[in-house]
Amino acid sequence: MTGSSSVISPEDRRAGTSVVAEGLRISSRDRRPVFGSAVLAGVVALLVGGGIVVGAFAASWGLFLQARRDAEFSIASEDSYVAYADQKDSLVNVALCVFPLLFLVAMVLIAWLLTAQAVTVANARERAAAGTGTGAAAAPGALTLRALWRRCRPHFGAAFRVQLLTLVCVLVPALAGLLVLVLLELEMVPGVVWPTYHDPATVQFILVGRILPVVLWALGGVLLARFSLATAVRVADNSSATAAMRRSWTLTGTARLYTTGIFLLGTLAVAVAFNVLKWLGTYVAHWAGLLMLATTEDNVWVTGVLVIITPVAVALVLLPLALAPMGVLLACLRERLDGGTAEVRVPSGAPVG
């Protein structure tokens, strides 16, 4: 299959939103496995991710207490002070230990969500085929969480490897863009000077310091979109992680604008959901901050950090509710690009008979 060929019929291409409508329809009809898997992911994120964050606060507790003592001493001495002046490096070291652990939890949960939604879409296809007489004689029933896990389990390891490999591929241009900015800040790029109040940005700086990082980050987004169907491919074809990623690259290459539009639409919906959930998390942060002040005798140093991270934490815990429908959308898109919805494939782990 070449990059210029297409498996999408003209009718399907004109009805591009039909994939979105199909994804919404499956998410509504099979809401128990779709949103049940999302709730399960949220519970795991709350328990495991929350435990990691609580452990980080516990490890840093002495640093917050020392920051308060330093600030109170400076204020009593009528001296100026900088918040966390002597604790900053130690707090950064704690954060550098926490972030990789949280990333690992996120990769596991994304692998679970994408696998669960691909299995849910496959189950819906089997049920539809049985209803029209083109598949098995008996239609499969609705998926329970136990049945969903049983069918997801053979694919979970490969799906996790897909997420890790995708992350590595995306991090290369993302870190390259950051490296460009660091080199400019250190004045290590010949002929390019960081603008100041008196010296406006030059054409060279705009090209290297503004446009080049954006191009590199956009390349990371392109890679993410091209590999976004790999988990659904794994469920459908029972292939290895690398084979699934190659197949995803081939499928998305057959209709780049079509798949990019669908992917961006799903990403925009998730981004809007994240910001709405983050806004709702500010109310949780308010009460969490009051509780922390009451229990730490008005220690604003630890309370300030808690108030800052709580809205993001709330949004991330609830975000699987938005990621699950996008997983359904990607599975439907995989079927559309892989020859339409008429073909029904039974993933390994599906009950037989």
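The values are calculated or read from the model by the stated rules, or taken from the named source; none is laboratory data. In this text, all values refer to a predicted model and were calculated from it rather than measured experimentally. Note that we place each Cβ from the backbone using ideal geometry, even for glycine, and neighbour counts take in every protein chain shown. We work out accessible area using only protein heavy atoms, side chains counted, and drop any ligands, DNA or RNA first. Shrake-Rupley method; radii C 1.70, N 1.55, O 1.52, S 1.80 Å.
Assorted remarks:
- Residue in segment 126-136 that is within 23 Å of Ala331 (Cα to Cα), within 17 Å of the chain's Cα centre (by Cα) and open to solvent by 20 Å² or more (accessible area, probe 1.4 Å) present: no
- Unmet criterion (only one of (1) surrounded by 15 or more Cβ atoms within 10 Å (Cβ to Cβ); (2) modelled with pLDDT under 95; (3) not polar (S, T, N, Q)) for Asp298: (1)
- Flag for Leu143 being outside any helix (DSSP H, G or I) and open to solvent by less than 40 Å² (accessible area, probe 1.4 Å): yes
- A Cβ distance below 6 Å, combined with a sequence gap of six or more or placement on separate chains, defines the contacts here; from segment 170-194, residues that are of a type in the set (Val, Ile, Thr) reach residues that are at pLDDT below 90 and surrounded by fewer than 16 Cβ atoms within 10 Å (Cβ to Cβ) in the pairs Val192/Gln204.
- Flag if Thr252 is in a helix (DSSP H, G or I), more than 30 Å from Ile309 (Cβ to Cβ) and open to solvent by less than 30 Å² (accessible area, probe 1.4 Å): yes
- Among the numbered conditions (1) within 24 Å of Leu333 (Cα to Cα); (2) touching a helix residue (DSSP H, G or I) at 6+ places or on another chain (Cβ under 8 Å); (3) open to solvent by 20 Å² or more (accessible area, probe 1.4 Å), the only one that Ala241 does not meet is (3).
- Lone qualifier among Val235, Val215 - being closer than 27 Å to Val162 by Cβ, outside any loop (DSSP other than H, G, I, E, B), at pLDDT 90 or above and open to solvent by 20 Å² or more (accessible area, probe 1.4 Å): Val215
- Test: residue in segment 30-41 that is at pLDDT 90 or above and not in a helix (DSSP H, G or I): yes
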